[in-house]
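Please treat every number below as a calculation from the coordinates, not as lab data. What you see is a predicted model; the values in this text were computed from it and never measured. Cβ atoms come from the backbone with ideal geometry, glycine included; neighbour counts cover every protein chain shown.
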Ligand SMILES: C[S@@+](CC[C@H](N)C(=O)[O-])C[C@H]1O[C@@H](n2cnc3c(N)ncnc32)[C@H](O)[C@@H]1O
């Protein structure tokens with residue numbers, strides 16, 4: 001096992017995954033990652049031999065969890081890659097709906113071909129690996145690595161000369177092919193697949209449905225942070241649309257709204273009551289405040305510890321060093 005590959009998920013906890021794991025109580029054998037995103041915490045828990053339930057409302061994150069957490073041995077061979085890229089690009093769902101919206105028409109036609117070929121892979125883990133790698137390729141070709149950028153801006157930033165003159169960077173990776181990026185990451189994704197001897201599970205549910213479905217010793221919660229860059233449906237919904245070949249809907253419980261977040265957290269903390277320990281990530285720039293969260297948690301938990309971790313988020317290539325304090329709330333009734 002070579003380790004967690006380049007997923008580059010917005011709001012990921014890759015750099016603090018070890019600190020989060022250190023907060024997991026010694027008795028815990030199973031961990032429920034309720035808002036798994038790019039699965040960095042699920043992966044760290046898997047690496048420590050825990051049985052992991054990895055859930056996210058986005059289908060693309062479910063594919064990542066299936067590929068990297070549930071999958072214990074399936075990798076993509078050269079033959080699989082040939083099959084994924086075989087054939088002639090054609091006008092399908094992506095071209096019909098997203099040409100000159102996120103990618104150039106020819107690129108959408110290529111995506112239509114690759115999607116059809118991936119759909120023909122009969123092994124679900126290999127299929128998930130293919131989606132995970134296609135995601136990586138699609139993100140690499142998209143300025144700012146998210147799908148909330150308007151086409152005019154996308155085109156501008158993909159103009160290498162313009163980008164160089166304006167920002168001092170050519171960003172030539174945006175103009176490399178999907179296949180280039182797919183193959184560039186293939187080795188890392190394949191080497192990230194391993195078995196930890198546990199029956200790990202990927203889930204694709206709203207958090208409340210997942211709570212009904214999952215029993216675990218610890219729940220780790222890393223919801224979108226209200227008041228920050230948190231529009232996950234906007235960032236990545238296009239990838240779900242690509243997988244499902246139909247337009248998907250924004251999530252009903254999005255944890256984005258500053259005005260309702262207190263009620264949403266109250267409901268969430270109550271529902272999390274079934275787990276012996278709750279570990280919650282939040283940060284100092286978001287709403288509610290540290291004190292408000294501690295107050296809400298104390299309705300449901302006797303012991304609450306708060307750890308502070310200095311964490312520089314990487315947003316659009318710039319580091320915001322030292323400005324954010326990442327909190328870890330560790331709450332139980334022991
Ligand atoms: C801060 S990110 C998690 C990042 C993750 N810990 C990582 O390291 O990559 C929050 C995640 O919550 C998910 N999410 C938002 N609303 C949800 C809901 N109602 N149920 C389940 N997941 C949800 C988003 O899709 C997003 O992936």
Going by the structure shown, is residue 252 surrounded by fewer than 21 Cβ atoms within 10 Å (Cβ to Cβ) and more than 11 Å from the ligand (Cβ to nearest atom)?
-> no
Name every residue in the range 32-59 that is near the ligand (Cβ under 8 Å from one of its atoms), part of a loop (DSSP other than H, G, I, E, B) and out of contact with any strand residue (DSSP E or B) (no Cβ under 7 Å at 6 or more places or on another chain), in order of residue number.
-> 37, 38, 56, 57, 58
Taking into account only those residues within the range 255-298 that are more than 16 Å from the ligand (Cβ to nearest atom) and not in a helix (DSSP H, G or I), which is farthest from residue 219 (Cα to Cα)?
-> 259
Among what's in the range 60-88 and is touching a strand residue (DSSP E or B) at 6+ places or on another chain (Cβ under 7 Å) and more than 14 Å from residue 131 (Cα to Cα), pick the residue that is farthest from the ligand (Cβ to nearest atom).
-> 70
Reported set for the range 208-249 where residues are more than 11 Å from the ligand (Cβ to nearest atom) and over 28 Å from residue 142 (Cβ atoms) is 212, 213, 214, 215, 216, 217, 218, 219
